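What follows draws every value from the coordinates through simple rules; no lab data is involved. Source: prediction; values computed, not measured. In this analysis, Cβ positions are derived from the backbone assuming ideal geometry, glycine residues included, and neighbour counts consider all displayed protein chains.
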Amino acid sequence: MSANPFLTFNNSLTNGNQNKKSPHIAIIGGGFTGLTAAYQLTRQGYKVTILEKDEEVGGLAGSFQVNGEKLEKFYHHWFTNDKYVMELVKELDVEDQVIYRPTRTGMYYANNFFKLSSPLDLLTFKPLHWFNRIRLGIFILWVRRIKNWQKLESLTAKEWLLKVCGKQVYQVVWEPLLRGKFGGFADQISAVWFWNKVKLRGGSRGKNGEEMLAYYRGGFAALADRLASEISFYGGQIKTNTSVKQLMVEGDRVMGVKTSQEIINVDAVIATPALPIIADLVDPYINSEYVDQLRQVKYLANVCLVLELNRSLSKTYWLNVNDSSFPFVGVIEHTNFESKETYGGRHIIYLSKYLPETEELYKMSREEALNYSIPYLKIMFPEFSHDWVVDYHFWKARYSQPIVCKHYSQLIPSRKTPLTGLYISTMSQIYPEDRGTNYAIREGRSIGDLVASQIQFVKPDK
Ligand SMILES: Cc1cc2nc3c(=O)[nH]c(=O)nc-3n(C[C@H](O)[C@H](O)[C@H](O)COP(=O)(O)OP(=O)(O)OC[C@H]3O[C@@H](n4cnc5c(N)ncnc54)[C@H](O)[C@@H]3O)c2cc1C
């Protein structure tokens, strides 16, 4: 059965699968976790209402328009081994919308560009002594075979990498990436986080060892819309521009949610936003020990300055910046992955930085961020000129990356909470993998099934 192709938000389309006795589940957040949980529950006959504070679904994988085409606010791609996404697109019968393409990866180090897409590139990577190039290559192959990640829990990435890769590889390759991504938290990052990143990216390869990545025709928004359409078809509601302000609790049971517009009575609530947001919602009702535990997971923010240029900066899709004099950790030329024709011939560049929300760059306006970045771009790409910029956008996300420290498994809260009927499923509970839409889909299905197993149907009255 195919879903209604026309999106009908705030409109209940019943397919006969539901009746008045269907338990009603509210889902806070319309990112990929919330959407997948709703998809999983509505198909089983549950009445579901997604409450999303933004004007569109998609969450961190949400989009904006470039020349009439949707583009992610924050760069997005999948790895070829992102199996939960691939299973979902197969189930939705939209496998043909997934595009696989080889991509070019590079590194900017000591004012130079290095191609790092294939094993051969690594062998010719001059900043490392030849012995260390081989050592690094062996490390990347070996990492993919590690299964017992629990052994890495008690090590920081720094401790582990210095031991297995040596000082030069650490200082030239890994340390700048850790600093660029985690700033002042770099030395605290767990070896588990690092192991998993290298494993995933290293495993996303074509037949000849070249890196391959995947994308969706129409962007991640098109898949989010497709899920939303399916949810509507099965009778679910999606209320956008709707922020949940408060939980309605009686005793230790959640009875409903209060949004910016109304009170909605429900049988259960699934919360998908970042843990500090959930901590604020549960604070009035649960002991402070539990709330403090939710607040123990720290998050970095992210900013992406998205440039629409009238020409290309380079041939590289993904440029890791291993040079601390450049204020962004990545220069991602999206149109070296998806064709510029998709965006009316414009070249799309993301300048990305993870940072504490207290940093100056996070507080800048769009214009300030552009003016701040241009001198650095001119150093990196001497021919670059301000008049190449046709348009630009500056996106910020306060909770974009949990800080995965040593023994992180001990910080992760359970999906069930001390409040009966309240469940949490957030990107900070994804472990040992790191957050990503692939795992949001896995977790969304899993929390949907958990809630379905806990909240049973009541037989309709005769
Ligand atoms: C810079 C960057 C690059 C990334 N690149 C990739 C990539 O290449 N590939 C990939 O797969 N993943 C990538 N990710 C990760 C991916 O976007 C996330 O892991 C995933 O989207 C998380 O989905 P989620 O539903 O768990 O959380 P979110 O997307 O954060 O969804 C939570 C939702 O809750 C809503 N919300 C918050 N508070 C309230 C409230 N009080 N009431 C109602 N709604 C509320 C938010 O608006 C949000 O929509 C990237 C993330 C970032 C930041």
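Just a few scattered comments:
- Semi-axes of the equivalent ellipsoid for the stretch 119-199, computed as √(5λ) from the eigenvalues of its C-alpha gyration tensor and ordered from largest down, come to 21, 16, 10 Å.
- Counting Cα-Cα pairs of the stretch 299-402 in 5 Å increments starting at 0 gives whole-percent bin shares of 2, 13, 23, 26, 20, 11, 4, 1.
- Couplings 3J(HN,Hα) of the stretch 385-397, computed from phi: 9, 3, 6, 6, 7, 7, 7, 7, 9, 10, 10, 10, 9 Hz, in residue order, whole Hz [Karplus 6.51 cos²θ - 1.76 cosθ + 1.60, θ = phi - 60°; x for Gly and Pro].
- Using a Förster distance of 35 Å, the FRET efficiency for residue 341-residue 243 (Cβ separation, nearest 0.05): 0.40
- For the pair residue 410 and residue 110 in one chain, pulling the backbone fully straight at 0.36 nm per residue adds 104.1 nm over the alpha carbon distance.
- DSSP-loop chymotrypsin sites (Phe, Trp or Tyr not before Pro) across the stretch 399-443, with at most 11 other Cβ within 10 angstrom: none
- Across the alpha-carbon atoms of the stretch 347-462, the computed radius of gyration and Dmax are 22.0, 77 angstrom.
- R0 of 45 Å, Cβ-Cβ distance residue 24-residue 325: FRET efficiency to nearest 0.05: 0.25
- Contact order for the chain, expressed relative to its length and based on alpha carbon pairs under 8 Å spaced 6+ residues apart, stands at 26 percent.
- For the stretch 194-286, trypsin sites (Lys or Arg not before Pro) are listed when DSSP marks them as loop and at most 12 other Cβ atoms sit within 10 Å of their Cβ; the list is 207.
- Maximal additional length on extending the residue 358-residue 120 stretch stands at 81.5 nm, based on 0.36 nm per residue less the C-alpha distance.
- Partner aspartates and glutamates whose Cα lies under 19 Å from the Cα of residue 245, excluding those fewer than 8 positions away in the same chain, are identified as 52, 54, 55, 56, 262, 267, 280, 283.
- Placing unit charges on the Cβ atoms of the charged side chains and taking the dipole of the stretch 241-392 about its Cα centre, the candidate lying farthest along the positive direction among 355, 275, 260 is 355.
- Measuring nothing but alpha carbons in the chain and taking Rh as the Kirkwood radius, the Rg to Rh ratio lands at 0.98.
- Qualifying GluC sites (Glu not before Pro) in the stretch 214-303, DSSP loop, other Cβ atoms within 10 Å at most 13: 262
- For the stretch 239-366, the Cα gyration tensor yields ellipsoid semi-axes of 41, 20, 12 Å (square root of five times each eigenvalue, largest first, whole Å).
- Value of relative contact order over the stretch 119-199, rounded to a whole percent, pairs C-alpha under 8 Å and six or more apart: 38 percent
- Ranked list, fewest to most other Cβ atoms within 10 Å of each Cβ, for 393, 386: 386, 393
- Radius of gyration, Dmax [the stretch 71-178; alpha carbons; angstrom]: 17.4, 49
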